[in-house]
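The values are calculated or read from the model by the stated rules, or taken from the named source; none is laboratory data. Values in this document were obtained by computation on a predicted structure and should not be read as measured data. Positions of Cβ are backbone-derived with ideal geometry, glycine not excepted, and every protein chain shown enters the neighbour counts.
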Amino acid sequence: MKLLSPAISSLARMRLWRIEGWKNNPVEAQREVLQDLVTSAQYTEFGRKYNFSKLFNIKSYKQAVPIHEYDEIKPYIKRIMNGEQNVLWNTPVYWFAKSSGTTSDKSKFIPVSEESLEESHYKAAKDVLTMYYNFNPESELLTGKGLVIGGSHTINRVNHEVQYGDLSAVLLQNSPFWAHWLRTPDLSIALMDEWENKIEKLAESTIKENVTSISGVPTWTLVLLKRILEVTGKQTIKEVWPSLELYMHGGVSFTPYKEQFKKIIGKEINYLEMYNASEGFFGADEIPGDEGMLLFVDHGVFMEFMPVSEYGKSDPMTLGLQHVEINKHYAPVISTNGGLWRYLVGDTIQFTSLFPFRIKVSGRLKHFINAFGEEVIVDNTDKIRISPLPSPAKKLKLL
């Protein structure tokens, strides 16, 4: 298996030119993304309502389509979950990612189309791998297996076609067959719902594997690693998995956990932050040690950035990449190939670099307050959270 490492590294470097293309031309990449989105959805119900076929530039798109929070787009989503199609997106949507609600609902159901799987989540995952190999050319990451840790992975059926689950469950169920060779545990264990039983099965099934990477929320990951040490009687994880070299995390800040990980793992490994949400894969660490994640601008998501001081206004202003500033708090407003249109994600971000564009997640929009003329973000205590067309589609040129 170690013989594969140079070949994999070479393949990753061959893909690097694509990343360099959109990284060096981010504004043009974003314009192309929006052009493709509007062209694809022009004959959907939503596209007809807002005259997508007559929108020829970004300015007209922003003037025509209002910003939506979940409650405002929820009626469309309910109809799709009940079997209607061609409502928000032009290809059938049968999967929904269930995520924690930030509105009056307990949960949100985010549409996941085939395009959002392939052109956002999976494409971004390949780019993350490419960037990692670019800075670690001697890596043996893919000579072992990746341990994937998640919470509840239960898949729920709405009807004979429509299903929902948390994002990791949706990704696992739809990943190509060969991807299952590269990860552990077995799908039957990964999709278990009851955590106490699952943690035991995870420990038992993975201690004999050659685990080279781990991905998961820090809290759950620490629980599993401690249980593995108890089961094996080892002092550190390096004694269980000597080839472990990478931990991938996101969703919450890693800062409070890093020292615990260093101690329990017992050797130096690489740490990589990703910004992968139900709505799309927005960014990931590119260069080890650099502050901020590279913004993914060519992955089926068009992004606008609303200054947090605009939140709550009847016609809030949003900015394109050309006009953002470092260290200002922005709320991302996204349009996606899953059928979300000018959708307010609910996170707040800051730019740490403007060329290339790098970001960090600074908190939640609902925690924003404007006190004494100063903008304050209340975050996680440490500054970072973490069907075919009915008629031929005409290509719409967005200038």
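General observations
- Selection status of Pro75, at pLDDT 95 or above, in a loop (DSSP other than H, G, I, E, B) and surrounded by fewer than 19 Cβ atoms within 10 Å (Cβ to Cβ): no
- Listed by first and then second residue, the pairs linking a residue in region 212-227 that is under 14 Å from Tyr271 (Cα atoms) and in a helix (DSSP H, G or I) to a residue that is modelled with pLDDT of 90 or more and among the aliphatic types (A, V, I, L, M), with Cβ atoms under 8 Å apart and 6 or more places separating them unless they lie on different chains, are Thr221/Ile214.
- Highlighted here are the strands (runs of 3 or more DSSP E) found entirely within region 102-211 that include at least 1 residues which are modelled with pLDDT of 90 or more: 107-112, 145-148.
- Hey, Glu286 out of contact with any Gly (no Cβ under 8 Å at 6 or more places or on another chain), closer than 22 Å to Leu129 by Cβ, surrounded by fewer than 21 Cβ atoms within 10 Å (Cβ to Cβ) and charged (D, E, K, R) or not: no
- On the stretch given as region 1-20, residues that are more than 13 Å from His299 (Cα to Cα), part of a helix (DSSP H, G or I) and either modelled with pLDDT of 85 or more or not charged (D, E, K, R) (or both) total 13.
- For Lys313: the one exception among (1) part of a strand (DSSP E or B); (2) over 21 Å from the mean Cα position of the chain (by Cα); (3) basic (Lys, Arg): (1)
- Of everything listed in (1) surrounded by fewer than 18 Cβ atoms within 10 Å (Cβ to Cβ); (2) modelled with pLDDT under 95; (3) part of a helix (DSSP H, G or I); (4) not aliphatic (A, V, I, L, M), the single unmet condition for Glu28 is (2).
- Restricted to strands (runs of 3 or more DSSP E) entirely inside region 240-300, those with at least 2 residues that are under 29 Å from Ala97 (Cβ atoms) and modelled with pLDDT under 95 are 246-249, 270-277.
- Subset of region 211-223 [surrounded by fewer than 19 Cβ atoms within 10 Å (Cβ to Cβ) and not β-branched (Val, Ile, Thr)]: Trp220, Leu222
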